[in-house]
Structures are given as C-alpha cells and as structure tokens.
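Here the structure comes first, spelled out in structure tokens, and everything after it is commentary.
FYI, it's all coordinate maths here, none of it is from the lab. Being a predicted model, the structure only gives us computed values, none of them experimental. For neighbour counting, all protein chains shown are included, and Cβ atoms are generated from backbone atoms with ideal geometry for every residue, glycine included.
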Amino acid sequence: MTSTLLTGAGELFGHPHLVSPALVTDGDRIAWVGEQREAPEADAVVELAGRAVLPGFVDSHSHLVFAGDRSAEFAARMAGEPYAAGGIRTTVAATRAATDEQLTAHVARLLGEMRRQGTTTVEVKSGYGLTVHDEARSLAVARQFTDETTFLGAHVVPAEHAEDPAAYVDLVTGPMLEACAPHARWIDVFCERGAFDDDQARAVLSAGERAGLRGRLHANQLGPGPGVRLACELGLAAVDHCTYLEPADVEALRGSGTVATLLPGVEWSTRQPYPDARALLDAGVRIALASDCNPGSCFTSSLPFCIAVAVREMGLTPAEAVTAATAGGAAALGRTDVGRLEVGARADLAVLEASSHVHLAYRPGVPLVAQTWVGGRPV
Ligand code: NIG
Ligand code: FE
C-alpha cells in the first residue's frame with residue numbers, strides 16, 4: 001500500500017489545536033494526524049501550501065436519476081408561483097422515456113459536478129420511475145456509482161394510479177419492493193399532504209424493513225405534519241427537510257437517534273422559510289446538511305453552496321455547517337468511516353484554495369475546492 005504525507009496544510013478541519021497540521025494516508029485510510037514535525041515517513045509527500053483540508057462532504061440526500069428539465073417551473077416560481085409536488089410527474093414522464101444509457105450519463109455528469117465541489121460520499125434515490133421496471137432500473141443505474149442507494153417508489157402516486165392510491169401502495173410494498181430491494185440499502189417515503197400520509201408511510205417502511213432495507217423519510221417540507229414524529233418513533237436514521245417544525249417535532253427529535261437533515265437549497269429555490277438550525281442544535285438535535293439535488297425543488301449539486309446558505313440564513317457557524325455536511329451526513333447514513341479526519345477513517349478529503357473552512361461561507365459562489373481525494377487518491 002502507498003502512503004502519502006500531506007504537509008503544510010493551513011488547517012485540518014476538526015483539529016484546531018494543531019499549529020502546523022499534517023496528515024498521512026495509507027492505502028484508502030487516514031493513518032496519522034498530528035504536528036508536521038512529528039510526522040512519520042511516507043512514500044510520497046504532497047505540499048499543500050497553506051490550503052485547508054476538510055473531510056470530503058457527505059451528501060446524504062439526492063435524486064440524481066432523472067431526465068428532463070424544469071427550469072421553466074423554476075422561472076415561474078421566481079415570478080410568484082408556489083412550489084407543488086405535482087411537478088414530480090413531469091420528471092417521471094421524461095425519466096420513463098429515457099434510455100438506461102441516457103440516465104447513466106446524466107448521473108455521471110452530476111456526480112462529476114459534486115466531486116469537483118468536494119463531495120466524496122453521496123446517497124442517490126430512485127423515485128422518478130414509479131413502475132416496477134423504471135424504479136428497478138433507476139436503482140441499478142445509481143448502484144453503479146454508490147452503495148448508498150434508496151428506493152423511493154413512494155415519491156408520489158403516479159397519474160395512472162391517481163384514482164386508486166391504495167393499489168399503488170400495494171404495488172410499492174409488493175412487486176416493486178421485490179424488484180428494487182436487491183439494488184438498494186435504504187427505503188424512503190415522501191410523507192406529505194399530496195403525497196403519502198403517515199399510515200401509508202408506515203406500511204411502506206415496514207415492508208421495506210422486512211425486505212432488509214433501512215428507513216428514512218421526507219417530511220414536513222410543505223407544511224407541518226406527522227412525518228418527523230413518525231421517523232423518530234420508528235427510530236429511522238434520518239428525517240429530511242424539516243422545514244415546518246412544531247415544538248413537539250423538536251421534542252421528538254431531541255430524544256431520538258434520528259438525524260434531522262436540512263436542505264437549505266430547497267428553501268432557497270422555493271422561497272420557503274429556512275428551518276431554524278440554530279434552535280435545533282441548541283435543543284440537542286443532531287443535524288445534517290445535504291443538497292437534495294433534483295430537477296424540481298432544488299437543482300444544486302453544491303454542498304459549499306448549502307454550507308454558505310446555512311451559515312447566512314439558518315444561524316449556523318461555519319464550523320457547525322461543515323460538521324453537518326460531513327460528520328452529520330455520515331450519521332444520517334449510519335456511517336462512521338467517512339465525514340471526519342481521524343485515524344482509521346477513509347482518506348476522503350476536500351482541499352480548499354483557502355486557508356480555512358470559514359471561506360466556504362465568507363466567499364460564497366467561489367469555486368474553492370482545489371482537490372478532492374477519494375480513498376487516499378486525488379480524483
Ligand atoms: O426532496 N419532496 C419530494 N421530492 C423532492 C422534490 C422532487 C421534485 O420536485 O421533483 C424533494 O424536494
Ligand atoms: Fe428529496
């Protein structure tokens with residue numbers, strides 16, 4: 001195995017006490033972290049010239065498998081139209097019409113964008129196929145790129161089942177789940193008025209659990225509702241959006257192991273109110289920041305953008321926002337091997353063209369990620 005010493009870093013995120021920080025990778029892992037003068041020998045040396053080293057970002061929520069474009073819907077929203085879940089059906093039609101090759105090329109392009117912006121672990125959902133065949137092939141495409149794949153057959157009720165949503169839930173919990181479970185680690189439901197209610201979400205999540213999938217939930221995005229409390233009751237790894245929280249939701253999150261995943265790009269792109277991340281942290285709730293990259297509610301692939309918005313609009317310090325986009329995302333995926341610069345963790349790194357993580361919020365919109373390392377190698 002090849003070892004590499006990264007030296008001259010301006011900062012190793014999470015190790016503020018180090019005066020001249022250095023890091024050694026061995027194979028795909030971090031083997032050593034400490035003061036440069038105490039660093040062990042390595043096969044190769046990389047001089048970082050004052051650049052900050054952060055854990056690679058962990059984007060725990062994305063919908064990359066889709067075709068088509070909804071920029072006109074975005075423009076209409078900026079002219080005053082509200083965001084509505086109904087737009088999902090537009091993308092479903094385009095996705096069904098796309099070939100496997102087109103879907104694969106599109107995911108590859110978006111993952112390339114993410115990687116250039118420092119993301120090294122990404123969760124990818126299905127949810128724009130909504131037939132047995134189209135959900136299974138969406139997940140097969142996603143699985144070529146990541147192990148963190150999520151079956152979201154319960155995204156919305158597709159038009160052909162509009163008259164009989166119960167029959168669609170039977171399809172999702174029966175043949176669709178059977179076809180999708182081999183390609184997925186997680187199961188998700190959009191638990192919201194206009195999508196699926198809490199009883200339907202329970203049915204889908206428990207069928208998923210019987211098929212060996214762990215649960216996560218989209219909840220409280222468009223208004224208050226039962227989703228956040230349901231996620232906490234069921235002990236799900238994460239509940240995502242959390243835009244409209246009531247005191248009972250915060251109370252439930254506080255006493256649970258469920259991570260509240262905040263998606264500030266969605267509020268930015270739909271002109272909804274930002275959730276109060278400061279209040280969640282102060283209440284002792286574990287939070288993550290993710291992109292939710294999708295063609296409707298938020299088409300950004302950039303966690304640096306989400307970090308900047310979370311700092312400016314949601315009351316987080318830059319360090320809290322970076323932690324939420326790294327260790328927080330890892331927790332939302334039940335992972336301890338990514339999201340932190342510690343011995344034994346994967347050597348997944350984001351090296352900034354700046355001396356500290358603060359610049360991600362201080363210089364919003366500037367492409368500050370100079371290098372992304374995956375498994376001990378720059379990519
Ligand atoms: O996470 N909320 C449900 N799903 C996506 C949006 C999907 C779309 O509008 O295409 C989300 O926001
Ligand atoms: Fe989403």
Determine Rg/Rh for the chain; Rg is computed over alpha-carbon atoms and Rh is the Kirkwood hydrodynamic estimate from the same atoms. 0.98
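Using Cα pairs closer than 8 Å and at least 6 residues apart in sequence, work out the relative contact order for the stretch 58-133, in percent.
That works out to 59 percent.
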Just check the stretch 259-320 against the gyration tensor rule for me: Cα atoms, a ≥ b ≥ c as the square roots of the eigenvalues, rounded for a/c under 1.5, and otherwise prolate or oblate depending on whether a/b exceeds b/c. prolate
Inter-label distance for residue 17 and residue 143, nm, one decimal - labels placed 7 Å from Cα along Cα-to-Cβ: 4.5
Within the stretch 109-125, name every residue whose backbone N is under 15 Å away from a label modeled 7 Å from Cα of residue 363 along the Cβ vector. 117-118
Net charge over other residues, Cβ less than 12 angstrom from the Cβ of residue 75 (K, R count +1; D, E count -1): -1
Express the relative contact order of the stretch 143-240 as a whole percentage, based on alpha carbon pairs under 8 Å and six or more residues apart in sequence. 26
Longest principal axis of the chain (C-alpha) makes with the long axis of helix 303-314 (C-alpha) an angle, in degrees to the nearest 10, of 80
Given the Cα-Cα distance of residue 271 and residue 193 and 0.36 nm per residue of separation, how much length would full extension add, in nm? 26.2 nm
Net length gained if the chain between residue 246 and residue 163 were fully extended (0.36 nm per residue, minus Cα distance): 26.7 nm
In percent, how large is the relative contact order of the chain, given Cα pairs closer than 8 Å and 6 or more residues apart? 20
